[in-house]
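I have placed the structure first, in the form of C-alpha cells, so that the comments after it can refer back to it.
Coordinate-derived values only; no laboratory data. Owing to the predicted nature of the structure, the values given are computational and were not obtained by experimental measurement. Neighbour counts are summed over all protein chains in view; Cβ atoms, including those assigned to glycine, are modelled from backbone coordinates with ideal geometry.
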Amino acid sequence: MDVRVADEKDMHILEALSGDMELQRRIEEYFAPVDPSIILETVFLILEDEGEVVGKAELVIGEGEEEHLGYIRGVVIREDFRGQGGATTLMEEAERIAKEKGIRVLDLHVYADNEAALNLYQGLGFQTYHRELHMRKEI
Ligand SMILES: CC(C)(COP(=O)(O)OP(=O)(O)OC[C@H]1O[C@@H](n2cnc3c(N)ncnc32)[C@H](O)[C@@H]1OP(=O)(O)O)[C@@H](O)C(=O)NCCC(=O)NCCS
C-alpha cells in the first residue's frame, strides 16, 4: 500500500470515507489544541492499494504558543482493508511530513473505547497526555 498527498479530485472519496466520523471531527475541532482559527495548513493523506483509495488521514498544522503544533485527525481505513498495516503506514508518513515541516509534537484525540485506534496510536509511541470526562445532567 502506498501513501500520497490528496488533491482536489480526491475530495469526494475523502468525504465518503469520513462520513461516519463527522461528529468526531467536530468534537476534535472543538477540543483540539490546534484551534481551527489558527490552522496554518492541512495535509490530506491518502492510502492506496493498486490505485484504489483504501484509507485517509489528515495532518493539521497550527500555531502553538511557542512553536507550531501538529494534530492528526480523520484516520480511517476502509473496512475490508483493516488489519493490514494501512493506518500504521499512513501515520508514519504523516509523522515524516510533520518532521519535515519542523513539527516536534503531534497530538490527537481518540475515544477511550476505540480499542483498535488506541492500540494503533500506542504502538506508534503516543501516550495519554490529558484526560477529561464528558458529563451531563438532565434538567
Ligand atoms: C483504527 C483504524 C484506523 C486502524 O486501521 P488499520 O489499518 O486496521 O490498523 P493497522 O493494520 O495499521 O494496525 C496497527 C495496530 O492497531 C491495532 N489494531 C488494529 N486493528 C485492531 C483491532 N481490530 N483490534 C485491536 N487492535 C487493533 C493493533 O495493535 C495493530 O498492530 P498489530 O497489527 O501489530 O497488532 C481502523 O480500524 C479504522 O478505520 N477504524 C474506524 C475509524 C476510526 O476509529 N479511526 C480512528 C479515529 S481516532
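For region 58-139, the relative contact order comes to 27 percent (Cα pairs under 8 Å, sequence separation of at least 6). Once the Cα-Cα distance is subtracted from the 0.36 nm per residue extended length, the Lys101 to Asp49 segment shows a gain of 16.1 nm.
Using 0.36 nm per residue and subtracting the Cα-Cα separation, the extra length available between Asp2 and Leu14 on full extension is 2.7 nm.
The chymotrypsin sites (Phe, Trp or Tyr not before Pro) of region 53-112 that DSSP puts in a loop, and whose beta carbon has at most 15 other beta carbons within 10 Å, are Tyr111.
Loop-located GluC sites (Glu not before Pro) in region 81-139 (DSSP state other than H, G, I, E, B) with a sparse environment of at most 12 neighbouring Cβ atoms within 10 Å: Glu132, Glu138.
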